Amino acid sequence: MPGLEDLYKEIIMDHYRSPRNQGELASPPAHHALGINPSCGDEITVYVSVDDDDIITDVAIDGRGCSISQSAASMMSEAIKGKTTAEAAELSDAYKGMLAITDSGDKPDLSMGDLVALRGVSKFPARIKCATLGFNTLLQALENSGSTTSTE
Ligand code: ZN
């Protein structure tokens with residue numbers, strides 16, 4: 001389906017050119033972490049605010065790197081806002097499962113929002129680290145509970 005591939009490419013480039021939730025959180029964020037993908041030179045800092053009910057109330061992304069890494073982080077920031085930390089971890093698993101799918105026959109999971117646009121990355125194993133950097137950094141940030149030091 002070349003039409004769908006083109007649409008996906010457009011979604012990726014849109015997030016790359018206009019990243020969502022870019023910057024830092026004004027109020028001191030409880031959780032943040034720096035993720036680096038040395039093989040491509042991608043860097044992403046994820047800031048997350050989590051309330052007492054474990055809901056991700058706000059997220060900000062500060063990053064530089066290739067279009068896959070930056071668009072994936074932007075899409076992730078939209079997908080996780082308002083979710084619980086457990087739901088965000090589940091989404092991360094589902095997303096990584098999608099990237100491991102090499103057979104393009106199965107249906108995309110629409111609950112993933114724009115992240116489905118990255119399913120084509122499964123055909124390029126070298127770029128999977130770019131596509132998962134955002135989620136891996138998010139999970140790291142959530143583990144850094146109450147910490148304000150980033151891991152480098
Ligand atoms: Zn990259």
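The values are calculated or read from the model by the stated rules, or taken from the named source; none is laboratory data. Quick caveat: nothing in here was measured; it's all calculated off a predicted structure. Here the Cβ positions follow ideal geometry from the backbone for every residue, glycine too, while neighbour counts run over all protein chains shown. Ligands, DNA and RNA are stripped out before the accessible areas are found, and what is left, the full protein with its side chains, is counted by its heavy atoms. Shrake-Rupley method; radii C 1.70, N 1.55, O 1.52, S 1.80 Å.
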Which residues, taken from segment 14-30, are among the aliphatic types (A, V, I, L, M) and open to solvent by 60 Å² or more (accessible area, probe 1.4 Å)? 26
Select from segment 31-61 the residues that are more than 16 Å from the ligand (Cβ to nearest atom) and open to solvent by 10 Å² or more (accessible area, probe 1.4 Å) and list them in ascending order. 31, 32, 47, 49, 50, 51, 52, 53, 54, 55, 57, 58
Between 132, 102, 137, 84, which is more than 19 Å from residue 10 (Cα to Cα) and modelled with pLDDT under 90? 102
Condition set surrounded by fewer than 21 Cβ atoms within 10 Å (Cβ to Cβ) and under 18 Å from residue 120 (Cβ atoms), scope segment 66-78, selection farthest from the ligand (Cβ to nearest atom): answer is 67
